[in-house]
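FYI, it's all coordinate maths here, none of it is from the lab. All values derive from a computational prediction rather than experimental measurement.
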Amino acid sequence: MADNETRVSLIPQNRSAQTSLPPLILHPFGGDNGTAQLLEGSRAAIALQQASLSNPHYEDIQKRVMLGRYQEIRMLLFLGKDIFRWIEQCMDQMERSGDIGLRVNAQCFSALIVDAPPAAVRTKLEGWGVSDRRAVFSRAIGIRCLFEEPPDIDILSPMFIENYHRFADYAYICFQQMKAYQPMDGTAFDFRIYASEEYSRMLSEQWQEQ
């Protein structure tokens with residue numbers, strides 16, 4: 001359809017069974033010294049809180065904090081790309097299924113991954129050390145709405161880098177409000193989340209068994 005919407009029942013009692021959605025595959029964002037700068041930025045942020053302006057290393061510490069924040073932006077952008085790819089796959093599946101019911105758009109699936117993912121997804125994220133799933137996923141969607149590709153650090157203002165999380169929060173809200181949507185009941189849909197290497201290994205094992 002022109003507005004990229006389809007029709008599907010979101011109410012569990014109106015469905016014969018849970019609908020299985022495509023898995024969400026997360027790809028590594030590293031490269032260059034991204035991961036190292038991310039970790040160094042976290043350490044520098046703690047040091048910056050304890051440092052005074054008279055500290056001779058203050059400027060260096062602040063620079064390391066900004067580099068770490070920049071890598072956080074890159075990480076969220078690549079995560080956002082993975083999420084939007086998953087949303088497109090979900091929409092394609094729904095369009096092909098010919099299911100009927102309430103109208104569904106991309107905002108339904110973004111709200112699903114942010115607010116009501118399956119228990120297995122929540123458990124796996126907790127095992128990966130993701131303590132605030134909602135902030136991470138919503139900000140990833142917000143950053144992806146702002147950038148197509150990672151911007152060069154020199155074109156980003158220090159104000160944006162330092163406060164990118166606020167811009168990302170509002171970008172996500174803006175995206176969700178672009179179209180009216182029906183929030184999905186998390187119990188009506190099921191999907192899994194994998195790191196790309198993990199998913200590739202799982203597929204290889206399955207092929208070997210065939």
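Quick notes on this one:
- P(r) tail, the range 125-188: Cα-Cα pairs separated by more than 16 Å, 59% of all pairs.
- Residues whose placed amide H lies under 5 Å from that of Leu26, excluding near-sequence neighbours: Tyr194, Ala195, Ser196
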